[in-house]
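Worksheet for the structure shown next.
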Amino acid sequence: MDAFDVAQLVPGFRPPLQAKDAGDKEALAVADKATRRWRSALPGRLDPGSERHRIETCRMFRDTFNPYRPAVLDWPVLAPDALARIVSLPIWDIAVQTEGKARLRMAAYAATVLDPDMRDALALNAWEEHRHKQVLSRMVAAYGIALAPEPPQALPRDPEWAYLVTGYSECIDSFFAFGLFELARRSGLFPQALVDTFEPVMQEECRHILLFANWAGWHRARLSLWRRLRFECKVAAAWAFLAWERIGMARGIDAAPARDNNFTLNGAQAVSSDDVKLSALLALCLEENARRFAGYDERLLRPTTVPRLVRLAIRVTRLFRTNISNKAV
Ligand SMILES: [Fe+2]
Ligand SMILES: [Fe+2]
């Protein structure tokens with residue numbers, strides 16, 4: 001395992017306690033439930049930017065922490081065809097590298113946050129990305145998946161920009177990953193035990209983008225007009241960068257192996273069969289996104305851009321199809 005340590009980048013960060021061993025199963029089951037549902041005990045509104053909003057956002061992130069330990073996760077013995085399917089998925093290099101990049105960028109930005117509560121929440125997020133990397137590293141080792149050497153990663157020069165790109169990238173990729181994960185589960189192409197092992201990681205990504213959406217709402221509400229304008233320009237540039245990156249990947253012109261997270265695009269080809277229509281896959285992503293967020297206090301902000309765009313895409317496609325069939329009649 002590599003020696004990444006959030007506390008080296010975020011002084012004062014103390015790693016959370018993890019389950020001791022596989023015998024902690026009962027405690028883990030309780031924690032798994034707690035990770036999916038959370039409601040603030042405070043009555044009334046949680047206005048973005050307010051103290052209450054910040055305190056409750058950070059409390060949500062702490063309370064929903066799942067103490068699973070990668071070292072004791074089960075890696076089921078796979079039948080030869082399932083093993084071959086998993087080994088051949090073209091996502092492992094990028095998935096491991098993406099987690100490595102996310103942990104570094106999140107820790108780098110957390111170190112710049114003055115509010116101790118929010119700094120700690122973002123540092124814990126970085127720590128959880130490190131844990132995702134450990135989960136993936138153990139999985140590739142268990143199944144004999146060869147990884148390309150990881151390029152060295154430097155600290156970002158602009159930690160806020162790097163955090164925005166990582167956060168919005170997670171908002172895009174998690175949305176599609178939720179649907180793909182459910183599609184994979186339903187398809188039966190992947191053993192149930194393996195799906196169960198990855199389930200906490202999937203829900204953890206939901207918590208991450210919930211934290212990110214609330215950090216963004218809290219942060220922007222506290223900026224002066226000029227700093228707010230500058231921030232919104234950065235946000236727009238981050239979206240443009242991610243759109244450009246994904247269009248590049250979709251066209252297959254981006255040959256670089258270690259761009260930001262292209263897990264979803266590659267994963268889509270791997271778990272969809274020919275008879276899965278894009279519109280059905282998008283509807284499933286929307287459904288799963290809503291299901292995973294349903295357990296969290298509705299007064300907290302949610303990532304909304306990707307679900308809105310996908311709803312719009314579904315509506316436009318339907319309209320287009322109706323027009324075509326009307327013309328055909
Ligand atoms: Fe992650
Ligand atoms: Fe994440």
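The values are calculated or read from the model by the stated rules, or taken from the named source; none is laboratory data. This one's a predicted model, so the numbers in the text were calculated from it and none came from an experiment. Because the Cβ atoms are built from the backbone with ideal geometry, glycine has one as well, and the counts that use them run over all protein chains shown. Calculation scope for accessible area: heavy atoms of the full protein, side chains included, ligands and nucleic acids excluded. Shrake-Rupley method; radii C 1.70, N 1.55, O 1.52, S 1.80 Å.
Charge dipole (Cα centre; +1 on Lys/Arg Cβ, -1 on Asp/Glu Cβ; no other charges) of the chain amounts to roughly 1240 debye. For Trp239, what charge total do you get from the other residues with a beta carbon under 12 Å from its beta carbon, if Lys and Arg give +1 and Asp and Glu give -1? Every neighbour counted, the sum reads 0.
Think of segment 110-234 as a dipole: +1 on every Lys or Arg Cβ, -1 on every Asp or Glu Cβ, centred on the Cα centre; then among Thr112, Ala126, Phe178, Thr112 lies furthest on the positive end. Averaged over all directions, how much area does the convex hull of the C-alpha atoms of segment 23-69 cover when projected, in nm²? Convex hull of Cα atoms, orientation-averaged projection: 3.7 nm².
Take the Cα of Ala154, step 7 Å toward its Cβ, do the same at Ala283, and the gap between the two points is 4.9 nm. Could you name the lysines in cross-link range of Lys33, using Cα to Cα under 17 Å and dropping any fewer than eight places away on the same chain? Here the lysines satisfying the reach criterion relative to Lys33 are Lys25.
The magnitude of the dipole of segment 128-218, with charges of +1 and -1 set on the Cβ of Lys/Arg and Asp/Glu and taken from the Cα centre, is near 220 debye. Working note: Cα atoms of the chain, range along each principal axis, descending, whole Å: 59, 52, 41. Quick check: from the Cα gyration tensor, does segment 203-247 come out rounded (a/c under 1.5), prolate or oblate? In terms of gyration-tensor shape, oblate. Note on the chain: with neighbouring protein chains present and a 1.4 Å probe, carbon and sulfur make up 59 percent of its accessible heavy-atom surface. Summarising the amide proton neighbourhood of Tyr296: residues at separation of 5 or more, or on other chains, whose placed amide H is nearer than 5 Å comprise Trp38.
Rank Lys133, Lys277, Lys234 by mean-square fluctuation in a GNM of the chain with C-alpha springs under 10 angstrom and give only the top-ranked residue. Its mean-square fluctuation being the largest, the pick is Lys277. Across the chain, the mean sequence separation of Cα contacts (distance under 8 Å, 6 or more residues apart), normalised by length, yields a relative contact order of 26 percent. A simple spin-label model places pseudo-atoms 7 Å from Cα toward Cβ; at Trp239 and Leu319 they are separated by 1.8 nm. Taking a spot 7 Å from the Cα of Asp47 along the direction of its beta carbon, which residues of segment 289-307 have an amide N less than 20 Å from it? In segment 289-307, the label zone of Asp47 (backbone N under 20 Å from the point 7 Å along Cα→Cβ) covers 298-302. Rounded, prolate or oblate: pick one for segment 137-188, where a ≥ b ≥ c are the square roots of the eigenvalues of its C-alpha gyration tensor, a/c under 1.5 means rounded, and failing that, prolate if a/b is larger than b/c, else oblate. Taking the square roots of the gyration eigenvalues as a ≥ b ≥ c, segment 137-188 is oblate. Model label sites at Asp2 and Thr305, defined 7 Å from Cα along the beta-carbon direction, differ in position by 2.6 nm.
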